[in-house]
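Here the structure comes first, spelled out in structure tokens, and everything after it is commentary.
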Amino acid sequence: MVGAIAAVPEAELRARLEAALGVRRVVDEVAALAPFGGLETLLTTFRAASARLSEAELAEALAHHPRIGERPAGEGRAAGFSRAEQSSIDADDAELARRIAEGNAAYEQRFDRVFLIRAAGRSRAQILRELERRLGNDDAAERAEVVEQLREIAVLRLETMFGGSS
């Protein structure tokens, strides 16, 4: 029996995919293969479509993510996810906030893009440690980490949006 995920209208599927990753090509490729019999099929299709991101697609995806420690602009689904993902038990620690802001600036100077990490399930202290570690990456290694983090974030978002629709 095909589950409720198969009944999601195309416009809603596209909106959810956009909120998950924000790359038009990936949204188009995944939506073109709908309907999906369940979450695992959707995730497998999504992973295949997002396996390689061009530089333009990487920039397109990153445009939907605020800096760590900054409030997302807007009220859309992606902004709501970012707000929830960045909440943590130490979110009000002023010293951590200052150090993350300094790290963000150093990262942007070094890599010419916003620092991105799957914040869900991580404390600000853990995020800061990862930020500091990743500042030592070369360009290729850091690009690979950014793409992997984007995909982890997107999968978590898809699981949240479709988890009850199997």
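Rule-based calculations on the coordinates, nothing more; no lab input. Because the structure is a prediction, the values reported are computed rather than measured.
How long is the gain from residue 51 to residue 159 if the chain were fully straight, where each residue apart is worth 0.36 nm and the alpha carbon distance is subtracted? Let's see the in-between values first.
Working: separation 108, 0.36 × 108 = 38.88 nm, distance 1.78 nm.
Using 0.36 nm per residue and subtracting the Cα-Cα distance, I get 37.1 nm.
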| query | Residue-wise, which Karplus ³J(HN,Hα) couplings in Hz belong to segment 49-59, taking 6.51 cos²θ - 1.76 cosθ + 1.60, θ = phi - 60°, and x for glycine or proline? | reply | 5, 9, 4, 10, 10, 5, 4, 5, 5, 4, 5
| said: Need the full-extension length gain, residue 125 to residue 138, defined as separation in residues times 0.36 nm minus the C-alpha distance. One decimal, nm. | reply: 2.4 nm
| request: Please give the length that would be gained between residue 105 and residue 93 if that part of the chain were fully extended, namely 0.36 nm times their separation in residues minus their C-alpha to C-alpha distance (nm, one decimal). | output: 2.5 nm
